[in-house]
Amino acid sequence: HGTVEISSEIEEENLLRVVILDTGCGISRDKLEVIFDPLIRVGKDLYNPENSGLGLAVTKSLIGQMNGTISVKSELGVGSQFFIGLPLDEIIELKRN
């Protein structure tokens, strides 16, 4: 149980910053290092066992292909914040194609 909020803004130097705030159960510090690895399923004992664990790995790969970045802060019992930074010129180039 929890909520998800998504916000975005354009920062200096032509950068789109997206912040995703999740007030769910959070992720322990020792698991933060592996959540973007393919097929690593953090919290598999708590969530749907049918999920493959690829979501964050695919997200990181796509963001990387656009020369962007993704990072996370999290606290157990409080929730997580994901930070995405995308250069606007990369987004514009994708739109043209």
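Computed from the coordinates by the stated procedures, all read-outs in this text should not be read as laboratory data. Please read these numbers as outputs of a predicted model, since none were measured by experiment. Every residue, glycine as well, gets a Cβ built from its backbone with ideal geometry; the counts of neighbours run over all protein chains shown.
Results, tabulated for the structure shown:
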read-out: Pair His1, Lys31: separation of 7 Å Cα→Cβ label points (nm); value: 1.9 nm
read-out: In Hz, Karplus ³J(HN,Hα) per residue of segment 78-94 (6.51, -1.76, 1.60; θ = phi - 60°; x = Gly, Pro); value: 10, x, 9, 10, 9, 10, 10, x, 10, x, 4, 5, 5, 5, 5, 5, 4
read-out: Radius 12 Å from Cβ of Thr69, net charge of other residues (Lys, Arg +1; Asp, Glu -1); value: +1
read-out: Residues with amide H under 5 Å from that of Ile27, placed H, sequence gap 5 or more; value: Glu75, Leu76, Gly79
